[in-house]
1. For residues in region B:110-138 being touching a Cys at 6+ places or on another chain (Cβ under 7 Å) and under 20 Å from B:TRP98 (Cβ atoms), which is most open to solvent (accessible area, probe 1.4 Å)?
2. Which one is nearest to the other protein chains (Cβ to nearest Cβ), of the residues in region A:170-193 that are touching a residue at least 60 places away in the same chain (Cβ under 8 Å) and open to solvent by 10 Å² or more (accessible area, probe 1.4 Å)?
3. Given region B:165-206, what helices (runs of 4 or more DSSP H) lie entirely inside it while holding 3 or more residues that are crowded, with 18+ Cβ neighbours inside 10 Å?
4. Which residues, counting only those in region B:23-53, are free of Cβ contacts under 8 Å to residues at least 60 places away in the same chain, under 22 Å from B:GLY151 (Cα atoms) and of a type outside the set (Lys, Arg)?
5. Kindly indicate which of B:VAL50, B:VAL71, B:VAL54 is within 11 Å of chain A (Cβ to nearest Cβ), open to solvent by less than 40 Å² (accessible area, probe 1.4 Å) and assigned to a loop (DSSP other than H, G, I, E, B).
6. Do you know which residues across region A:111-154 are open to solvent by 20 Å² or more (accessible area, probe 1.4 Å), within 14 Å of chain B (Cβ to nearest Cβ) and assigned to a helix (DSSP H, G or I)?
7. Does region B:76-104 hold any residues that are under 20 Å from B:CYS18 (Cα atoms) and either among the basic types (Lys, Arg) or more than 21 Å from the chain's Cα centre (by Cα) (or both), and which are they?
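The values are calculated or read from the model by the stated rules, or taken from the named source; none is laboratory data. Just so it is clear, the model here is predicted, and its values are computed rather than measured. All Cβ positions, glycine included, derive from the backbone under ideal geometry; neighbour counts span all protein chains shown. Just so you know, the surface numbers come from the protein's heavy atoms only, side chains and all, with ligands and any DNA or RNA stripped out. Shrake-Rupley method; radii C 1.70, N 1.55, O 1.52, S 1.80 Å.
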Amino acid sequence: MDQPAFSVKLLGSWADSHTHRVQLALKLKGLEFEYQEEDFINPSPALLLHNPVYKKVPALLHGGRSIVESVVILQYIDETWTDNPIMPADPFERAVTRFWCHFTDDKLAPAVGLVFSSSGEGQKAAVDQVHENLKLLERELKDGAFKGRRFFGGDKIGLLDIVLGCGSYWLAVFEEVMEVKLIDPESFPVFHAWLRDFEEQQEVKETIPAIDRLLEYARGIRQMMLSLSNSSSSSINNAAASSG
Amino acid sequence: MKAVVLLDFWASPFGQRCRIALAEKGVEYEYREENILGAKSPLLLKSNPVYKKVPVLIHDGKPVCESLIIVQYIDEAWPDHAPLLPADPYARAQACFWADFVDMKFNECGSRLWKLKGEAQAAAKEEFIGILKLLEGELGDKKYFGGDAFGFVDVALAPFVSWFYSYETCAGFSIEEAAPKVVAWGKRCMERESVANALSHPDKIYEMVGVLKKKFGVE
């Protein structure tokens, strides 16, 4: 595989699903890169320099320039290193991929984050919302745009697998920490089977942190949230919201 | 049904993005008005079951949803004329970033200018002025956000030029004061036939904002 002419550096956070998306894409492309861990709550001067608008991870540094926003980064990686494409070639297929990436970040992830950061009636509503969203994906996998495919990308992992897969592990983590049923294999058999298959892939196993670490992390944040008074600090909300 | 159909609402800035892109590409299409304040058509509900919103582009029976995704689709399905996104991956990434910024920051904050009152509105105003200054910096002395050529970010932001008057009037400030280059850019965009034909008159948008305010119970 081609190695980059310029070095590639990723500013990320170990428990951040958007960082994992970029790490996985770089691995799938066989690219070497330098990784710099960022404190979620206290961004480094480098991060503030390279992502002045949002001040968040991930930020990809390449050839002296920075690219931010995970889905934008993934497409940049795919267009710069064109072996093993992660986006389909056909314009309509590309639009469908982009739509479900948008859905993931616009609907599913916030609902999952809300399960984690709420309690009582609010949490029940959030759980229902997650189920509604998973039903839509289940339908597309079973009968719709992705019918008959092993992965959303086809035979191989594609961009939507990366976007949806890096973050779906929180479903299992939150199920345990929050004691709610989120991704029941009987209700969502095709989605569940896809997720298991995805998580078995070598590059994915190398990217996603061990579930014990994620459980410990989630428990710690939940403890912190509960021990504060009713209003959580915005940084905790950021951590919760980004963990979806 | 024609080969290309756009389900839209006359005042929707998101629909207008699609109209601008189709016009830039010279694509013939059928425009279908949806009454988004009333009952949604069966075609809309079938074509966008997830969000049930306009705009939706239906090309040879296949629906594409979400305005920025539609514009990218238009660019890729009709690639031979008037490219909206640059070829270079880094320039493309920048264009995608700023187009998303228009949605996540500019429009999100802009809607709070007319939806909110009192202190919350004042806070939104300060935030919006900051957002305008970021856009002003990104535009710089270029003719368009895309450089010399009208491009993706220009398509994303141009429809909101009609909303400047509403933002200013509702929140009591001057956009020209905060971002004179953006205002000048807006006027340059209006000189393009594709934009002039798509955009609503600012007075009509202000009327629409009045209707929406009642709907949201803002007064």
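1. B:GLU127
2. The residue in question is A:VAL180.
3. Helices (runs of 4 or more DSSP H) meeting the threshold: B:180-190, B:193-198.
4. B:GLY26, B:VAL27, B:GLU28, B:TYR29
5. B:VAL50
6. Within region A:111-154, A:GLN129, A:GLU132, A:LYS135, A:LEU136, A:ARG139, A:GLU140 meet the criteria.
7. Scanning region B:76-104 gives B:PRO79, B:ASP80, B:HIS81, B:ARG92.
Residue by residue, here is whether (1) touching a Phe, Trp or Tyr at 6+ places or on another chain (Cβ under 6 Å); (2) of a type outside the set (A, V, I, L, M, F, W, C); (3) at pLDDT below 95 holds:
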site: B:ALA120; (1), (2), (3): no, no, no
site: B:ILE131; (1), (2), (3): yes, no, no
site: B:LEU134; (1), (2), (3): no, no, no
site: B:GLY147; (1), (2), (3): no, yes, no
site: B:GLY151; (1), (2), (3): no, yes, no
site: B:VAL155; (1), (2), (3): no, no, no
site: B:TRP163; (1), (2), (3): no, no, no
site: B:GLU168; (1), (2), (3): no, yes, no
